[in-house]
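Below is one structure; the comments refer to it alone.
The values are calculated or read from the model by the stated rules, or taken from the named source; none is laboratory data. Note that the structure is predicted; figures quoted are calculated from it, not measured. In this analysis, Cβ positions are derived from the backbone assuming ideal geometry, glycine residues included, and neighbour counts consider all displayed protein chains. Surface areas here come from the heavy atoms of the whole protein model, side chains and all, with no ligands, DNA or RNA. Shrake-Rupley method; radii C 1.70, N 1.55, O 1.52, S 1.80 Å.
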Amino acid sequence: MKPWSPWLFLIIPIIFTLVFTIYPFLNTIRLSFTNSTLLRTGQFVGLSQYSAVLADPKVHTALLNSTIYALCMAPCMVILPLILAVLVNKKTRIMSFFRTAFYVPAVAGSVISGLIWTNMMSAKGLVNALFLGLKWIKEPIPFLQDRWLLLFSAMLVTVWGGLGYYMVIYLAALANIDDSLYEAASIDGAGPVRQFISVTMPGCRMTMVLILLLSSIAAFRVFNEVYMLTGGTGGLGGKDITMSMLIMREGTGLTARTGYASALSIIMFFILGIITSIEFYVQRKADH
Amino acid sequence: MRANRITPGTVIRYLACTVLFILLVGPIIWQVSLAFKGRGDNIYAVPPYFIPKDFTWDNFTRVFHQIPILHYALNSLIVTVINVVGNLVTATLAGYALGRLRFPGKKLVAGFIFGCMLIPGETVLVSQFLTIRGLHLNNSLLGVVLPGLCGAMNILLMMTAFASIPHELEEAAEVDGANVWQRFIHICLPQVRGTAMVVAIFSFVGAWNDFMWPLVVIGDESKYTLTVGLNKLKGAFVTDPRLIAAGAVIALVPIIIFFVAFQRYFFDGVETGGVKE
């Protein structure tokens, strides 16, 4: 093997990584210390963009929304898809049908899901019509108007689209649990629930930690669902705006305040970094 | 023996699956019903009904008249195909070098590429937007597609797959005088088809459904991808759920066909860790 051969394999991937990830990342750090806008190269202003970001009430709203999103999504995404995976983890034709069907919302993507659920949860949509028909409610529930209901409706769209995706990851983990463990448990008289808690959950705890990490980060970064349900506005008075939506609103387009948005991006980077480190720590604990 | 198989557990399992089916697939089926309901149907009826009384194809023709949805789908297809091909090329090249070759600096390169997985897209959104503007690629499909051609996750998947090929295979070819490129193409690539399929499917679904980045890059309506165009559909027809439903159904058809056609590879690939035995 010629000494330069490996580099011929790597040159294209390295160039792409440099141009579209490393350079933009370093540039974001640089811009966050300037008062640049899209049309004007700014000057070095030290940390004043950061203090402007931290003092901005819009940022507080976005931080709160993204944090709540992550805190609510993570447990749902760790537990619910595992239950799904256990249900369909049988090599029969009917179960493989259900497995495929449960994955369909995940391939639909969050934009189409957003459209579908806008229809479902509007004032006269199917959800309200069903509840009214069953006499559970007297007035339609304002799923897409009320600040908190809207955020929870967006979470519902995320869960709907994410269940199948994480289910597949769990199916891979379940395939690695030894069947004899279940047999032993069932000889000891453990019922399905007991088996789930004592065999299934310990057996895929590393996957659970991985999904905790993936889903909480994805939830903190939420964009599509809230954008679709609010028509891009972030809800009444922007009360439902998320961090990603705020970065996009401030940092792109012709009126972009690139310096300000870069400071916001770096703050988001650190928050996600903190979430990741906490979960790596949990993973190390789970490993022992 | 058959009677033995019907236990309370089985009944609960099937019942739970049926309920989940209604919750997960029901909303999509309801959109199909809505899309075929005509003016004679009360779509707000309480209690709701499923079978259209005034069956019509009108809603679909109206969508085609109001937005150039096929044109948007073509744009999405162009972006998606380039993305899939690009990711397959970069991921197999880098995956092979990192998974199978020994050379100085390998750890550094691996750290460099996989370290990028810790940088989320939003963090570099603003600067990527500036880079694409600087290259005069804003408002072009090339600008949409370029930053996504080298996914670190895909490289990781391919690296793992390449690393798990038995060494004897390659050594035999090396003895026969095959150089590194010949071994890559003729010996190793056929062994990782399963993982390559997973990379292709993930890239396809990811690129087809991507929304934020095309929304940032594209301003000109003729360059819209399907997701961005569908978002406009919502603004234009917010008063008629039938049209939103018809648009959603049109957009769902190709992706569901794609998924059903390839789902065998997908589930096999994921469950066996993507390595072809």
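Some observations on this one:
- Hits in the range A:84-106 - residues which are without any contact (Cβ under 8 Å) to a residue 12 or more places away in the chain and within 7 Å of chain B (Cβ to nearest Cβ): A:87, A:98, A:100, A:101
- Subset of the range A:138-156 that is assigned to a helix (DSSP H, G or I) and open to solvent by 40 Å² or more (accessible area, probe 1.4 Å) - its residue that is farthest from the other protein chains (Cβ to nearest Cβ): A:148
- Condition broken by residue A:159, with the remaining ones in (1) closer than 20 Å to residue A:107 by Cβ; (2) open to solvent by 30 Å² or more (accessible area, probe 1.4 Å) satisfied: (2)
- In the range A:162-182, the residues that are open to solvent by 20 Å² or more (accessible area, probe 1.4 Å) and at the interface with chain B (Cβ under 10 Å from one of its Cβ atoms): A:165, A:169, A:172, A:175, A:176
Yes/no matrix, rows are residues, columns are (1) in contact with a strand residue (DSSP E or B) (Cβ under 9 Å, 6 or more places away or on another chain); (2) more than 8 Å from chain A (Cβ to nearest Cβ); (3) open to solvent by 20 Å² or more (accessible area, probe 1.4 Å); (4) at pLDDT 90 or above:
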residue	(1), (2), (3), (4)
B:94	no, no, no, yes
B:109	no, no, no, yes
B:117	no, yes, yes, no
B:120	no, no, no, no
B:125	no, no, no, yes
B:129	no, no, no, yes
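- Of all residues in the range B:132-148, those satisfying the criterion of being open to solvent by 20 Å² or more (accessible area, probe 1.4 Å) and within 11 Å of chain A (Cβ to nearest Cβ) are B:133, B:134, B:135, B:138, B:146, B:147, B:148.
- Restricting attention to the range B:208-241, the residues that are open to solvent by 20 Å² or more (accessible area, probe 1.4 Å), more than 7 Å from chain A (Cβ to nearest Cβ) and under 18 Å from residue A:231 (Cα atoms) total 10.
- Flag if residue A:45 is open to solvent by less than 40 Å² (accessible area, probe 1.4 Å), over 30 Å from residue B:153 (Cα atoms) and hydrophobic (A, V, I, L, M, F, W, C): no
- Being farther than 30 Å from residue B:128 by Cα and either at the interface with chain A (Cβ under 8 Å from one of its Cβ atoms) or without any contact (Cβ under 8 Å) to a residue 40 or more places away in the chain (or both) is true of residue B:168.
- Yes/no for residue B:158 being within 11 Å of chain A (Cβ to nearest Cβ) and either within 24 Å of residue B:262 (Cα to Cα) or open to solvent by 20 Å² or more (accessible area, probe 1.4 Å) (or both): yes
- Within the range B:3-49, the set of residues being of a type in the set (Gly, Ala, Ser) and under 34 Å from the mean Cα position of the chain (by Cα) comprises B:16, B:26, B:33, B:35, B:38.
- Some residue of the range B:59-80 being part of a loop (DSSP other than H, G, I, E, B), free of Cβ contacts under 8 Å to residues at least 24 places away in the same chain, away from chain A (no Cβ under 12 Å) and surrounded by fewer than 15 Cβ atoms within 10 Å (Cβ to Cβ): no
Condition check ((1) within 12 Å of another protein chain (Cβ to nearest Cβ); (2) surrounded by fewer than 21 Cβ atoms within 10 Å (Cβ to Cβ); (3) of a type in the set (Gly, Ala, Ser); (4) within 18 Å of residue A:74 (Cα to Cα)) across all residues:
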position: A:195; (1), (2), (3), (4): yes, yes, no, no
position: A:199; (1), (2), (3), (4): no, yes, no, no
position: A:205; (1), (2), (3), (4): no, yes, no, yes
position: A:232; (1), (2), (3), (4): yes, yes, yes, no
position: A:277; (1), (2), (3), (4): yes, yes, yes, yes
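- Residue list for the range A:48-99, restricted to those being surrounded by fewer than 17 Cβ atoms within 10 Å (Cβ to Cβ) and aromatic (Phe, Trp, Tyr): A:97
- Looking at the range B:119-185, the helices (runs of 4 or more DSSP H) lying wholly inside it that each contain 2 or more residues that are acidic (Asp, Glu) sit at B:167-175.
- Filtered residues of the range B:190-247 (kept if more than 22 Å from the chain's Cα centre (by Cα) and of a type in the set (S, T, N, Q)): B:191, B:222, B:239
- If only residues of the range A:119-133 that are in a helix (DSSP H, G or I) and open to solvent by 20 Å² or more (accessible area, probe 1.4 Å) are counted, the one that is nearest to the other protein chains (Cβ to nearest Cβ) is A:133.
- Condition broken by residue A:36, with the remaining ones in (1) touching a strand residue (DSSP E or B) at 6+ places or on another chain (Cβ under 9 Å); (2) open to solvent by less than 20 Å² (accessible area, probe 1.4 Å); (3) among the polar types (S, T, N, Q) satisfied: (1)
- Close pairs from the range A:14-40: first more than 7 Å from chain B (Cβ to nearest Cβ), partner hydrophobic (A, V, I, L, M, F, W, C) and surrounded by 21 or more Cβ atoms within 10 Å (Cβ to Cβ), Cβ under 6 Å, at least 6 apart: A:32/A:263; A:38/A:256
- Test: residue in the range B:101-108 that is in the same structural domain as residue B:204 (by TED's automatic domain parsing), in contact (Cβ under 8 Å) with a residue 24 or more places away in the chain and farther than 30 Å from residue A:267 by Cα: yes
- For the range A:11-65, the set of residues classified as within 22 Å of residue B:142 (Cβ to Cβ) and among the aliphatic types (A, V, I, L, M) consists of A:11, A:12, A:14, A:15, A:18, A:19, A:22, A:38, listed by residue number.
- Summed over the range B:6-24, residues that are among the small types (Gly, Ala, Ser) and farther than 17 Å from residue A:99 by Cβ total 1.
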